[in-house]
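Take a look at the structure set out below.
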Amino acid sequence: MEIERKFLPKELPDDLTQFAFHKIEQGYLCTSPVVRIRRSDNDYYLTYKSSGMLAREEYNLPLTAEAYAHLKPKADGRIIEKTRYLIPLDDKLTVELDVFAGDLAPLILAEVEFSSEDEANAFVPPKWLGEDVTFDRRYHNSTMSKK
């Protein structure tokens with residue numbers, strides 16, 4: 001189960017280079033239900049996500065680089081490219097800050113994942129995270145993949 005809230009940050013931390021990050025490329029074979037392929041650095045995945053906004057089922061299966069390369073041309077719409085910075089909020093929560101490249105630049109989105117819906121609903125975000133867009137489908141990567 002994936003339980004996350006999404007935000008449009010008002011500002012960025014001063015020095016992003018101090019945080020761990022991943023170079024991500026992903027495409028969508030289907031958006032209803034969501035079937036996604038992703039390269040994260042040198043790891044490759046096929047992901048299924050059920051419908052939902054705050055909480056939804058998510059299953060990740062490993063792919064080889066060859067399988068990813070075979071599936072990539074079959075993706076509908078744009079291939080999304082982004083750098084994901086991992087910014088700790090506390091001992092338990094991490095902000096995944098996505099800085100988009102290509103024709104989605106200069107979009108920046110932040111996601112915070114939770115262990116329960118109660119935890120997600122009780123979360124008080126720091127001001128820099130900005131507007132909560134969890135329930136705005138325009139900010140789902142599957143929606144943004146459509147040209």
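Computed from the coordinates by the stated procedures, all read-outs in this text should not be read as laboratory data. Bear in mind the structure is a predicted one, so any value in this text is a computation, not a measurement. Glycine also receives a Cβ, built like all others from the backbone with ideal geometry; neighbour counts cover every protein chain displayed.
Using alpha-carbon positions, what is the distance between the centroids of the stretch 47-117 and the stretch 1-39, in Å?
Their Cα centres are 4 Å away from one another.
In a shell of Cβ-Cβ distance under 12 Å around residue 133, excluding residue 133 itself, what net charge do Lys and Arg (+1) and Asp and Glu (-1) give?
-1
Quick check on the stretch 8-147: take the gyration tensor over C-alpha atoms, sort the square-rooted eigenvalues as a ≥ b ≥ c, and tell me if it's rounded (a/c under 1.5), prolate or oblate.
prolate
Name the most mobile residue of 134, 64, 31, meaning the one with the largest mean-square fluctuation, in a Gaussian network model of the chain with Cα contacts below 10 Å.
Fluctuation is largest for 64.
Which of the pairs 72/92; 23/146; 82/146; 127/147; 10/74 have their Cα atoms more than 26 Å apart in this structure?
72/92; 127/147; 10/74
Report the local net charge at residue 89: Lys and Arg +1, Asp and Glu -1, summed over other residues whose C-beta lies under 14 Å from its C-beta.
-4
Which one of 29, 61, 46 has the biggest mean-square fluctuation once the chain is modelled by GNM with Cα springs under 10 Å?
61
Mind listing which chymotrypsin sites (Phe, Trp or Tyr not before Pro) in the stretch 69-147 are in a DSSP loop and have 11 or fewer other Cβ atoms within 10 Å?
Answer in residue order: 135.
For the stretch 30-88, which GluC sites (Glu not before Pro) pass both filters: DSSP loop (anything but H, G, I, E, B) and at most 16 other C-beta atoms within 10 Å?
When the GluC sites (Glu not before Pro) of the stretch 30-88 are filtered for loop state and at most 16 Cβ neighbours within 10 Å, 57 remain.
Relative contact order for the chain using alpha-carbon pairs under 8 Å, separation at least 6, rounded to a whole percent?
Details: 305 pairs, mean separation 47.5, N = 147.
The normalised contact order for the chain reaches 32 percent.
222 nm [θ] for the chain, helices only, -39500 (n - 2.57) per DSSP H run of 4+, per residue, to 500?
Values: 3 runs with 17 residues, N = 147.
Result for the chain, helices only: -2500 deg cm²/dmol.
If you stretched the chain out fully between residue 136 and residue 119, how much longer would it get, using 0.36 nm times the residue separation minus the C-alpha to C-alpha distance? Before the final figure, lay out the partial values.
Numbers: separation 17, 0.36 × 17 = 6.12 nm, distance 1.99 nm.
Stretched out fully, the residue 136 to residue 119 stretch lengthens by 4.1 nm.
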